[in-house]
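See below for the structure under consideration.
The values are calculated or read from the model by the stated rules, or taken from the named source; none is laboratory data. Just so it is clear, the structure is predicted and the values come from calculations on it, not from any experiment. Virtual Cβ from ideal backbone geometry, glycine too; neighbours counted across all protein chains shown. Side chains are part of the model used for accessible areas, which takes the heavy atoms of the whole protein and leaves out ligands, DNA and RNA. Shrake-Rupley method; radii C 1.70, N 1.55, O 1.52, S 1.80 Å.
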Amino acid sequence: MNDMDDLRVRPAGPDDLDTVLAFWRTAAEGTSISDDRDGVERLVARDPEALLLAERGGDLVGTVIAGFDGWRCHLYRLAVHQDHRRRGIGSALLEAAEERFVRLGGRRGDAMVLGRNERAQHAWRAAGYAPEEQWRRWVKPLTG
């Protein structure tokens, strides 16, 4: 049996959120201000197909957020469980995300990748993405 035969990629639902947050604590590199239940609930409520999960044998083995705002296609939180890396799971998640973007009319995907995460940079390059050195990310935490 092909290792990918039992891989299932699907959108997350409300019942998946605690599992996703726990998964990110072990499989994702770095943390985000939105890494809490409220933040992920808002994401799934606003765009129910944005958070994609990869499962094998009923276990969560990977995630990616494929956010489309009507203008740009943004990729966040591509994470694969360390025991399942280098088996095509990240590629399957990116393929599902890119198919979603094309279906929605997106023209280009961009990814948030930590500068210090060389493993991730290699994976994104292998998937056909390239850094745009002329751009810098500017952020301002918002308080409400």
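Observations, loosely collected:
- Pair D15, A45: separation of 7 Å Cα→Cβ label points (nm): 2.0 nm
- Accessible area per residue for the chain is 69 Å², calculated with a 1.4 Å probe on protein heavy atoms, without ligands, DNA or RNA.
- Kirkwood-type hydrodynamic radius, the range 58-134: 13.1 Å, calculated from all non-identical alpha-carbon pairs.
- Sequence of W135, W24, W71 from largest to smallest accessible area, 1.4 Å probe: W71, W135, W24
- Each of the peptides 109-115, 47-53 was scored by the mean count of other Cβ atoms within 10 Å over its residues; in descending order, highest first, they stand as 47-53, 109-115.
- Sorting R116, R87, R77 on solvent-accessible area from highest to lowest, probe radius 1.4 Å, gives R116, R87, R77.
- Taking all protein chains together, S32, S91 sort by accessible area into S91, S32, largest first [probe 1.4 Å].
- The label point for L142 and the one for Y129, both projected 7 Å from the Cα toward the Cβ, are 2.3 nm apart.
- Recomputing Rg and Dmax of the Cα atoms in Å from the coordinates shown identifies the correct label among (i) 24.3, 77; (ii) 14.9, 52; (iii) 16.9, 53 as (ii).
- Accessible area (Å², 1.4 Å probe, nearest 10) - H122: 110 Å²
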